[in-house]
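Here is the structure we will look at.
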Amino acid sequence: MPTEISSIQEFISMKPMNNSDFHAYSYYMKSSSKGTLEIPFRNLITTDYLSDFKREAYKITLTDEEFRKYKYKPKLLANDIYGNSEFHYIILAINGLYSIKDFNKKTIYLIPKKELLNLLSYVYASNKKYIDSYNYSHDIT
């Protein structure tokens, strides 16, 4: 595992960005009761590649001020670090959390922006064809 980083500010300063979100990495199905409702049933980041993402994570201890700012707000943290609040689900997943209500820890794991983008690019490039094909064949738009 990489070394510790001392503050959220160090992560925020590691910029680049990607506009991909949960949808881009997910397989979907139509609801049987409501034919127009599309439900994600498998997200590659939180299933197949989670161990790869965890391997790139650094252990961060939040200051008291950072803890107060980000407690129950992984979307705000994702926006501050990655410039995209949609990546909050990655923060939750690498920390073994399932809901924003669980996001109340003073010590968390985070992936530096550059490494996150590299991982997302790899997962996307490796799986886009299969996800698109599956979702298209199941009439998912």
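The values are calculated or read from the model by the stated rules, or taken from the named source; none is laboratory data. All figures in this text were calculated on a predicted structure; none of them were measured in a lab. Cβ atoms come from the backbone with ideal geometry, glycine included; neighbour counts cover every protein chain shown. Accessible surface is based on the protein model in full, side chains and every heavy atom, while ligands, DNA and RNA are left aside. Shrake-Rupley method; radii C 1.70, N 1.55, O 1.52, S 1.80 Å.
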Check: Which FRET efficiency value, to the nearest 0.05, is calculated for Phe41 and Lys105 with the Förster distance at 25 angstrom and r the Cβ-Cβ distance?
Finding: 0.35
Check: Taking θ as phi - 60°, what are the ³J(HN,Hα) couplings along the range 114-125 by the Karplus curve (6.51, -1.76, 1.60), each to the nearest whole Hz, with x for Gly and Pro?
Finding: 4, 5, 4, 5, 4, 5, 4, 4, 4, 4, 5, 5
Next item on the list: Before anything else, pin down the relative contact order of the range 17-88: Cα pairs under 8 Å, at least 6 apart, normalised by residue count, whole percent.
Entry: 26
Note to self: Restricting things to Cα coordinates, could you compute the convex hull volume per residue of the range 47-101 in Å³?
What the structure shows: 84
Note to self: Can you list residues from other chains, or at least 5 along the same chain, whose modelled amide H is less than 5 Å from the amide H of Arg42?
What the structure shows: Tyr27
Checklist line | Unsatisfied cross-links (Cα-Cα over 30 Å) in the set Lys54/Lys101; Lys30/Lys59; Lys54/Lys75; Lys105/Lys128 | finding: Lys30/Lys59; Lys105/Lys128
Check: Using a 1.4 Å probe, what is the accessible area per residue for the range 29-141, in Å²?
Finding: 57
